[in-house]
Every structure is written in C-alpha cells, then in structure tokens.
1. Dipole of the range 72-163 (Lys/Arg Cβ +1, Asp/Glu Cβ -1, origin at the Cα centre): which of Pro83, Phe100, Gly144 lies farthest to the positive side?
2. Cut-off 15 Å, label point 7 angstrom out along Cα-to-Cβ of Val228: give me the residues of the range 118-157 whose amide nitrogen falls inside.
3. Could you sort 47-55, 149-157 so that the peptide with the highest average Cβ count within 10 Å comes first and the rest follow in order?
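No lab work stands behind these numbers, since they all come straight from the coordinates. What you are looking at is a predicted structure, and each value in this text was computed from that prediction instead of being measured. Note that each Cβ is placed from the backbone with ideal geometry, even for glycine, and that neighbours are counted across all protein chains shown.
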Amino acid sequence: MATGTSRLPVPSGAGDDLAVRERRVVVRGVDTRYLEAGSGPVLVMLHGHEQNAASWRHVMPALAGHRRVIAVSLPGHGESAPPLDGYAPNRDLAASVAEFLDALGIDGVDLVGHSVGGAVALHLALADPDRVRTLTLVASAGLGRAVNPLIALDTLPGLGEWAIMLSRLPGGHLQRTMMSAAMLFAQPWRVPADFFTEAHALGRRPGQLEASTALARALFSAFGQRDVLLDELDTLTMPTLVMWGTWDLVLPAHHARVAVNRLPRGRLALFRACGHLPHVEQPGRFVAELEALLAARPAGRRGRAGREPSAAGP
C-alpha cells in the first residue's frame, strides 16, 4: 500500500504531458520511493549505479501511453531508505524488488534494468522466470568481468571513503558530478540540464554516496565484476532486448554481443556515439526499441495460475 504520493514535472522535450507521480511504499521494513505513470500492463524499470528512479523520467511519459510504468529507487538510493540487510544483487536487491511487486499486487511484468539494475533484473528473471514477460538489459552489469578501472579501484578499502570525503570539500560535489557526466555520456556537453541538476542534488543527499559505494562493492572488486551470469542466460526463454552504447566507458559494449549469443530469444540494439545512459542520451531511439519489443510480445495468460504466459507459451 502506497504511503504517499506527489506529482512531478515531466522533463522538457518528452513529447507528452502525462503526469509522472512520486509514490512511497514500505518493503521489507524499508520506506521505498518509486515513480509511476500511465495504466495497463506493468513495465518496471530499475536504475543503475549512483542513479535513482528519476533517471528514467526522460522516457517514462512516452512509454506510459499504453501501460503502467513504474521506476523504483533501490534501497539507499534517491529517497528510498537504506536496506536492513545488504546490497547483494541476488540475495538482497532482487528479493527486495520481488517483495516490492508483491506489495503493489503486481505479478507478471515487463522488466527493464540498467547497469547495476540490469544485474538485479537478471537475478529476478533467473529466480522467477514466470514473473517476467520480457526482459530488457541496458548496459547491464553481470555480463562480463570487465568494468571501468576507476569504479573497480573505488571499491578498495579506504579509497571509496576518501572519494566521498573529497566530494564533501568545497566544490567537491560539483567536480564529482562533472567527472561522472564525462564517464557516463559520449557527449557530456549535451547532458540534459535537468539530469545534471538532479545528479548533483542526489550526490549531496545524506547517505547516497555511502549507499553507492556499498552497492559497487557488492558487485565489483579491484579485479572487475564479481558475478558473471553468462552461463545461465540460456535458461531465459522470455524475449530479451540488450541495449548498449558503442562508446560506453563504464561497461564495454562487447559484453552485449556475447550476451545476445547466449540468449535463446535475445536481440541486440547498439546505440552509436552513445555512452552508458542510452535512455537519457538517446531517449527517442530507446523508446522505439523498447516499444518494438513490447509490441511483439503475444498477449495471453500464463500457465501458472494468475500469471500471464511467457512468449514461449505454457
């Protein structure tokens, strides 16, 4: 049951005046914030490292014309409270998302995960494939060992805390936001003003940088990604779209090509001259690719009682 709601402005250039509303619900004892727009079949979106639900606002209005779009802030991120357990994507975060869906009375979903959120989406799909109608992985973690060395080094004891301390010196938050934009975007000078403003404000939120560091340490080490799920992809029979920017400096685009070759019903969409955030840097193309996946999914009911069928059938 939602504990609160408010209305948020729609990003400029979204091409739709559909309202995006902020809501809250308690999940596993954690006050969880999410954004919601539209009605109909449910599309759930999970954000990436050092992001929150607001990172999807550039595509939410366009996607919500024919469905209910929900973007959740993972525990410890945005306005969501820290978790009571931890940040492991399989044991903690995937379970948290599953209970979030239960709390909202949602069963079958079209699931989208970006970066760290992609790893969480993968674990949820692997643990409960009947619940996921389609899966979209956007520059997803968990598909290879490599990661930007700066992120890997930031997980070392003391270095993450040192980086947080530097961020809190005069001008430090602004410098961190600018460095982050340079890593995330192929063309940082074209970062939407509202995204830059929100990212800067998010980094100043108490506990946000600590949560991001803890989450990074759960997924990465100095040697790269801890958890590589390539050998399990052949069990995912739902239609799966893998989207990636060719100039991604965080996670290399060759992960996408390897992953699609392992997915029984995988399709690859590479975004040229695009960085780690295709849904922000090229939102029109992102919406078109995702809409094509959702339009191709056949309607019907799942073989399991109360659930819709996967595209592979009962």
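1. Gly144
2. 141-148
3. Taking the mean over residues of other Cβ atoms within 10 Å, the ranking is 47-55, 149-157.
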